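Below is one structure; the comments refer to it alone.
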Amino acid sequence: MPRPHLPLLWLLLVFAMPAGVLAQPAAAHPCAATPQPAERLACYDRAFPPPDTVREAAAARAVEEFGLPHRSRAPVLRNPGQPGHEVEPDRIEARVDRIDTAGGQRWLTLDNGQRWTVPAGTAGPLAPGDPVRISKGALGSHMLRTPGGVSLRARRVH
């Protein structure tokens, strides 16, 4: 039994949907009325928390950028519930992958791909495979701690 009015009903529904969507008020969510962009983003993040993978990716990026000058880094934003040490770590741990000496400096390549320099004449033996800890020091400096407990001034170059 044919139903000639069924295609007409579908056509009416298809054209009526956009009108219903457009009729909604512009500020349907309370966060939309927040005037400051950073506060609005924080409001939406509280309302719709990002998945754990977003937080893990942000923590990994913070470790990758550790030691870079501030002008070389992306802006730091904290995800909801993310602790400060994941946003701006105060230290990293890695293994020495390679050591080169040139121009009075020891150039260290770490297993995470970062390159650091330490003065070549300073005490503190280092060898490929050694675990090191690099911590933030005073006035934007960094200290590299060797397996023997010796702290050396270090500078991130890449």
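Limited to the range 117-149, what total is found for residues that are within 21 Å of E64 (Cα to Cα) and either of a type outside the set (S, T, N, Q) or in contact (Cβ under 8 Å) with a residue 24 or more places away in the chain (or both)?
Matching residues across the range 117-149 total 19.
Residues in the range 19-39: is at least one at pLDDT 75 or above and either of a type in the set (F, W, Y) or under 24 Å from P89 (Cβ atoms) (or both)?
For the range 19-39, residues at pLDDT 75 or above and either of a type in the set (F, W, Y) or under 24 Å from P89 (Cβ atoms) (or both): present.
What are the pairs with Cβ atoms under 8 angstrom where one residue, in the range 95-116, is free of Cβ contacts under 8 Å to residues at least 12 places away in the same chain and the other, located anywhere, is surrounded by 14 or more Cβ atoms within 10 Å (Cβ to Cβ) and part of a strand (DSSP E or B)? Sequence gap at least six, or different chains.
D100/R106; D100/W107; D100/T109
Of all residues being surrounded by fewer than 13 Cβ atoms within 10 Å (Cβ to Cβ) and within 22 Å of A62 (Cα to Cα) in the range 138-158, which is modelled with the highest pLDDT? Just the residue, please.
S141
Here's a check for you: in the range 100-135, which residue that is surrounded by fewer than 15 Cβ atoms within 10 Å (Cβ to Cβ) and outside any loop (DSSP other than H, G, I, E, B) is modelled with the lowest pLDDT?
The residue in question is P119.
The values are calculated or read from the model by the stated rules, or taken from the named source; none is laboratory data. This one's a predicted model, so the numbers in the text were calculated from it and none came from an experiment. A quick note on method: Cβ atoms are made from the backbone with ideal geometry, for glycine too, and the neighbour counts reach across all protein chains shown.
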